[in-house]
Amino acid sequence: MAEFRVEWREAVDYIALPVHTTMADLPARVGPAITELEAYLDQRGAEAIGAGMFRYRSVSTEDPFTVEVGQAVSNVPRVRDRYVVGRLEAGRYAVATQRGPYAWIGGLTHELMEWGDAQGLDFAVTLGDGSRPDVWECWYEDYADDTVEGPVGLEGSVDVCLLLRH
């Protein structure tokens with residue numbers, strides 16, 4: 001059962017590997033990126049916080065988009081190659097928490113957006129016009145624990161976080 005709330009979240013620095021994908025290919029593309037990012041951070045002595053995160057700046061159900069497969073870190077080393085340094089903005093977020101199969105995260109995100117609309121929340125998003133996708137100031141999934149294989153696929157605890165306008 002999902003739990004919905006509004007909460008203040010502090011800024012978080014992270015290092016990420018941007019992954020260009022489609023919604024259909026997302027699960028297959030992020031697994032190898034997580035493994036590659038972990039090895040990259042180990043080589044640089046970066047101290048990880050938590051189990052990882054995915055950041056979405058814009059998403060399309062039909063067209064390719066880029067997701068940042070990231071890891072919050074306490075010490076941000078210099079990055080190179082395809083890696084980026086980012087910051088999750090401090091602020092008020094609409095948050096949905098789920099413990100269970102990751103296959104339902106898309107549905108959880110949809111429910112969070114509907115819940116937020118019903119609460120009159122103002123998401124920090126610039127809506128697209130059909131030819132351009134919506135652009136989110138800060139939308140991310142925060143994974144609290146390591147992923148495990150469950151009866152219906154990968155599962156664990158996740159917070160879906162959508163920044164609200166001030």
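Things worth noting here:
- Length gained on full extension, ARG29 to LEU154: 43.6 nm, using 0.36 nm per residue less the C-alpha separation.
- Using just its DSSP H runs of length 4 or more, each adding -39500 (n - 2.57), the chain gives a mean residue ellipticity at 222 nm of -7000 deg cm²/dmol after division by all residues.
- Taking Lys and Arg as +1 and Asp and Glu as -1, the other residues whose beta-carbon sits under 13 Å from that of VAL85 total +3.
- For GLY116, the shell of other residues with beta-carbons less than 12 Å away shows a net charge of -1, using +1 for Lys and Arg and -1 for Asp and Glu.
- Just so you know, the averaged projected area of the alpha carbon convex hull for segment 5-59 sits at 5.2 nm².
- Span per principal axis, largest first, for the Cα atoms of segment 33-166 (Å): 45, 36, 30
- Distance from segment 81-114 to segment 121-143 (C-alpha centre basis), Å: 11
- With R₀ set to 22 Å, the beta-carbon distance separating TRP8 from VAL76 gives a calculated FRET efficiency near 0.45.
- Segment 98-166 shape via C-alpha gyration tensor axes, a/c threshold 1.5: prolate
- Angle in degrees between helix 105-119 and the longest Cα principal axis of the chain, rounded to the nearest 10: 40
- Seen against the Cα atoms of the chain and their longest principal axis, helix 26-44 is set at about 40 degrees.
A short reminder: the numbers here are calculations on the coordinates, not readings from a lab. Since the model is a prediction, treat every value here as computed from it, not as a measurement. For neighbour counting, all protein chains shown are included, and Cβ atoms are generated from backbone atoms with ideal geometry for every residue, glycine included.
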